[in-house]
Amino acid sequence: MKNRTLWIVLAVVALILISGVSMYNGMVSTNEAIDSKWGQVENQLQRRSDLIPNLVATTKGYAAQEKEIFTQVAEARSKLAGANTVGEKAQADAELSGALSRLLVVVERYPELKSDANFRQLADELAGTENRLAVARKDYNDAVQAYNTRIKRFPSNMMANMFGFTAREYFKAADGTQEVPQVQF
């Protein structure tokens, strides 16, 4: 009888141990998935940042008197490069997106610029990058949601607290980006 009770206790302990290891490994995997997805967001932010100087230089040749917009784009790009946290990057990204929108309004004033092959190619590259960036942001937020859900559910929340797993920050649009931009010609 004692042997049987011992085996049952050992089986229960082994089951709890296996379950705990599985939960821990799952949290580590989802946490790493978030880091990977964030890496893709940063990759696309860098790609966009690399394209901007070429787009600005091409536009400057046609619209030399539009200095203010070029300054805004450069400042927003610098802020993005200097941002460290997800929130700071989201804010800087929103500022850069706004500056790029204003740059495109300037472009509309110069029809000969829109027909320039270099400008068209750069604009297409930038548009493609913006699309990839939107997908990367969505993938990142989906990974954060899966992870945050995992560490908040019982009994995983006890394991998460024990090993220091904390909720991750979503990539959120900055204030004011929900409003439709005003485009005037």
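Condition first: surrounded by 14 or more Cβ atoms within 10 Å (Cβ to Cβ), at pLDDT 90 or above and within 15 Å of the chain's Cα centre (by Cα). Can you find one or more residues in segment 94-108 that meet it? Scanning segment 94-108, I find no residue that is surrounded by 14 or more Cβ atoms within 10 Å (Cβ to Cβ), at pLDDT 90 or above and within 15 Å of the chain's Cα centre (by Cα), so the answer is no.
Looking at N131, is it modelled with pLDDT of 90 or more and in a helix (DSSP H, G or I)? So N131 fails the test. The listed residues are K67, K79, and the only one of them that is at pLDDT below 85 and of a type outside the set (D, E) turns out to be K67.
The values are calculated or read from the model by the stated rules, or taken from the named source; none is laboratory data. On a predicted model such as this, the values are computed, not experimentally measured, just so you know. We place every Cβ from the backbone using ideal geometry, glycine too, and count neighbours over all the protein chains shown.
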